[in-house]
Amino acid sequence: MVRRGARFATQPPMTVQPFDRRRLLAGFLALVPGAASAQWGRPIQPLDGPEEEDPFWAPRSRRPAPRDDLYDRPDARRRVGRDPYGAETPDDPAYGQDPYGRRPLAPSQPSLAEAEGGFDPRRIYARVDGDPFPIPAFDYRRVPAQYLRREVAYAGREPAGTVVVDPRGRFLYFVEGGGRAIRYGVGVGRQGFAWSGTATINSKQAWPDWYPPKEMIARDPKLARSLSTLQSGVGMHGGPRNPLGARAMYLWQNGKDTLYRIHGTVEPWTIGTSVSSGCIRMVNQDAMDLYGRVGIGASVVVLG
């Protein structure tokens with residue numbers, strides 16, 4: 001006597017084929033006349049072909065990564081991405097795109113240098129040779145575009161030759177007169193070190209020695225390891241590692257040194273932030289440009 005269901009015991013176990021989206025779609029398209037030739041304008045891939053050749057069907061882990069856009073990330077200012085101006089050299093066909101590199105300028109629009117206030121960042125932030133120490137090129141993509149040097153309209157009443165610092169905006173203006181000014185991005189004093197008022201440029205120095213105040217050394221005892229006894233006290237010789245950078249302009253008030261400076265920096269990526277101990281820091285190339293424009297005795301107005 002055969003038990004009920006015994007005939008099923010001799011059957012091989014049922015297997016379930018894994019879900020294959022490509023085969024399912026191929027079967028569906030075979031039922032629709034002309035659909036196979038109109039698969040979004042391309043032929044159907046062979047069913048036994050390598051899956052990775054078709055990004056649409058590739059597993060998520062193997063799909064092409066999305067394009068990395070410098071301006072689509074919240075941490076863009078601390079990363080080095082593609083050139084936001086769309087080209088690396090004037091010989092590049094993309095040279096002349098708009099400042100965000102997303103669409104070419106219309107023929108009636110100004111060139112890149114003109115759009116940036118007459119300054120081409122590729123040129124003005126290039127490597128500088130011929131100084132006592134070489135100055136490396138500044139990767140201007142590491143700071144927001146508004147902090148790059150440019151000529152702007154200026155409605156202030158200060159006479160030509162005056163330096164105006166806007167700590168809130170992180171800008172320094174060199175007033176040219178005639179309603180124009182050269183604007184630079186700067187780093188300013190962090191909380192507790194900000195100041196305002198009017199000072200005078202008492203002197204200027206190229207590759208200056210640095211004499212940090214005793215209070216600064218007390219706040220950072222490790223700083224003393226990089227200092228030595230110089231002609232005017234304990235400090236650091238001018239050079240590529242000196243925090244004052246390639247140029248410094250010394251600010252005085254009422255005949256006394258304020259201990260504040262407008263100077264270059266070895267940390268150009270901090271431009272546009274509040275990070276210093278009260279001094280106004282600039283990209284070395286910008287500090288050199290201002291150094292050549294401003295005169296001894298010029299007024300410096302730091303806004304409140």
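The values are calculated or read from the model by the stated rules, or taken from the named source; none is laboratory data. As the structure is a computational prediction, the values presented were derived from the model and not from experiment. Reconstructed Cβ throughout: ideal geometry from the backbone, glycine too, with neighbour counts over all protein chains shown.
Could you count how many residues in segment 268-304 are at pLDDT below 95, among the hydroxyl-bearing types (S, T, Y) and outside any loop (DSSP other than H, G, I, E, B)? Result for segment 268-304: 3.
The set of residues from segment 124-146 being closer than 19 Å to A246 by Cα, of a type in the set (A, V, I, L, M) and assigned to a loop (DSSP other than H, G, I, E, B) comprises A126, A137. In summary, strands (runs of 3 or more DSSP E) completely within segment 190-261 and bearing 2 or more residues that are modelled with pLDDT of 95 or more and in contact with a Pro (Cβ under 9 Å, 6 or more places away or on another chain) occur at 247-253. Considering segment 188-209 alone, what residues qualify as being in contact (Cβ under 8 Å) with a residue 40 or more places away in the chain, within 23 Å of P240 (Cα to Cα) and out of contact with any Asp or Glu (no Cβ under 8 Å at 6 or more places or on another chain)? Listed by number, the residues that qualify are V188, G189, S203, K204, Q205, P208.
Contact map, segment 246-261: residues that are surrounded by 14 or more Cβ atoms within 10 Å (Cβ to Cβ) paired with residues that are assigned to a strand (DSSP E or B) and of a type in the set (K, R), Cβ distance under 8 Å, separation 6+ or inter-chain. Pairs shown: R247/K204; A248/K204; A248/R261; M249/K204; M249/R261; Y250/K204; Y250/R261; L251/R261.
From the set of residues in segment 262-296 that are among the small types (G, A, S) and in contact (Cβ under 8 Å) with a residue 60 or more places away in the chain, which is nearest to L172 (Cα to Cα)? Explain how you work it out, then say what you get.
Here is the first cut: in segment 262-296, the ones among the small types (G, A, S) are 264, 272, 274, 276-278, 287, 292, 295.
Then drop every residue that is not in contact (Cβ under 8 Å) with a residue 60 or more places away in the chain, which leaves 272, 274, 276-278, 295.
Details: G272: 11, S274: 14, S276: 15, S277: 17, G278: 14, G295: 16 Å.
Ranking the qualifying residues of segment 262-296, first place goes to G272.
Matching residues to (1) under 24 Å from the mean Cα position of the chain (by Cα); (2) hydrophobic (A, V, I, L, M, F, W, C):
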{"position": "V234", "(1), (2)": "no, yes"}
{"position": "T258", "(1), (2)": "no, no"}
{"position": "I262", "(1), (2)": "yes, yes"}
{"position": "P268", "(1), (2)": "yes, no"}
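Regarding segment 162-177, can at least one residue be identified that is among the polar types (S, T, N, Q), crowded, with 17+ Cβ neighbours inside 10 Å and within 20 Å of A248 (Cα to Cα)? Before the answer, list the steps.
Pass one, segment 162-177, residues among the polar types (S, T, N, Q): 162.
Then keep just the ones that are crowded, with 17+ Cβ neighbours inside 10 Å; that gives 162.
Next cut, within 20 Å of A248 (Cα to Cα) only: 162.
Within segment 162-177, one or more residues are among the polar types (S, T, N, Q), crowded, with 17+ Cβ neighbours inside 10 Å and within 20 Å of A248 (Cα to Cα).
Within segment 147-178, the set of residues being within 25 Å of G278 (Cα to Cα) and assigned to a strand (DSSP E or B) comprises R150, V163, V164, V165, D166, F171, L172, Y173, F174, V175.
Name the residues in segment 262-304 that are basic (K, R) and either closer than 12 Å to V165 by Cβ or surrounded by 19 or more Cβ atoms within 10 Å (Cβ to Cβ) (or both), would you?
From segment 262-304, those basic (K, R) are 281, 293; that's our starting set.
Listed by number, the list holds a single entry, R281.
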